[in-house]
Amino acid sequence: SGAGKFKVTITNPSGTHQEVIYAENDANTASKFVRLSTDGNERLRIDANGRVLIGTTTEGTGSGDDLTISNSGNMGLTLRSTNSNYCNIYFSDATSGTAEYEGYISYNHATDSLEFATGHTERLRIGSTGNLALGGTNTSAYTNQSHLFIGGVGNLYADNGTSSGKSLSLSNNAYINT
């Protein structure tokens, strides 16, 4: 509740000290955080607002600052699962029901397909061969060619930069052969 600092230090067999966890709650400054370090370098910080910063001490932009990952070179994030399961990113606006997965991006390892959903329903699938299914899930009906499958009734628009784009009306699971 008051100001203070907390530090956990681990000493290796040669007697060298290595700071591992450090917390600061200074009432006179804005520096209220917990940091984890390895090899003398800060690796992870949780700030007073609960933001998690990995590889940086600077949060991201306003509406995307809850988790910031930084590196001076190539960097990325890996989601790993077994070859018959999914890796998922969910977009939720509630804590129960379908609102917990109102939108999502899923990689299905069993079919090697990438699936996108809005309104808790899959809307777009990219199959393992590169075929696209828009409004449906069948990307393999014609596997010897590249296709765009559109499930249900929809319109395909070609926009030439003016307000008079051309359209093609499609119905009953139409497909375009390329």
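Below is a table of values for the structure above.
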read-out: Test: residue in the stretch 83-90 that is small (Gly, Ala, Ser) and open to solvent by 40 Å² or more (accessible area, probe 1.4 Å); value: yes
read-out: Sole residue being open to solvent by less than 40 Å² (accessible area, probe 1.4 Å) and either under 30 Å from Val20 (Cβ atoms) or within 19 Å of the chain's Cα centre (by Cα) (or both), chosen from Gly50, Gly103, Gly62, Gly76; value: Gly103
read-out: Tabulated pairs, the stretch 78-100, first more than 18 Å from Glu115 (Cβ to Cβ), second of a type in the set (S, T, N, Q), C-beta under 7 angstrom, 6+ apart or interchain; value: Ala99/Ser92
read-out: Selected residue [modelled with pLDDT of 90 or more and of a type outside the set (Phe, Trp, Tyr)] from Ser81, Ser37; value: Ser81
read-out: Total residues in the stretch 29-47, condition hydrophobic (A, V, I, L, M, F, W, C), within 22 Å of Ile10 (Cβ to Cβ) and open to solvent by 50 Å² or more (accessible area, probe 1.4 Å); value: 3
read-out: Failed condition for Asn71, given (1) out of contact with any strand residue (DSSP E or B) (no Cβ under 6 Å at 6 or more places or on another chain); (2) within 30 Å of Asn138 (Cβ to Cβ); (3) of a type outside the set (A, V, I, L, M, F, W, C); value: (2)
read-out: Yes/no for Gly55 being touching a strand residue (DSSP E or B) at 6+ places or on another chain (Cβ under 7 Å) and open to solvent by less than 70 Å² (accessible area, probe 1.4 Å); value: yes
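One line per residue, one yes/no per condition, for (1) closer than 30 Å to His120 by Cα; (2) touching a strand residue (DSSP E or B) at 6+ places or on another chain (Cβ under 9 Å); (3) modelled with pLDDT of 85 or more:
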{"position": "Val8", "(1), (2), (3)": "no, yes, no"}
{"position": "Asn28", "(1), (2), (3)": "no, no, no"}
{"position": "Glu42", "(1), (2), (3)": "no, yes, yes"}
{"position": "Gly62", "(1), (2), (3)": "yes, no, yes"}
{"position": "Asp66", "(1), (2), (3)": "yes, yes, yes"}
{"position": "Ala94", "(1), (2), (3)": "yes, no, yes"}
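The values are calculated or read from the model by the stated rules, or taken from the named source; none is laboratory data. Everything quoted here is computed from the prediction, not taken from an experiment. Glycine gets a Cβ as well: all are built from the backbone with ideal geometry, and neighbour counts include every protein chain shown. Please note that ligands, DNA and RNA were not included when accessible areas were found on the heavy atoms of the full protein model with its side chains. Shrake-Rupley method; radii C 1.70, N 1.55, O 1.52, S 1.80 Å.
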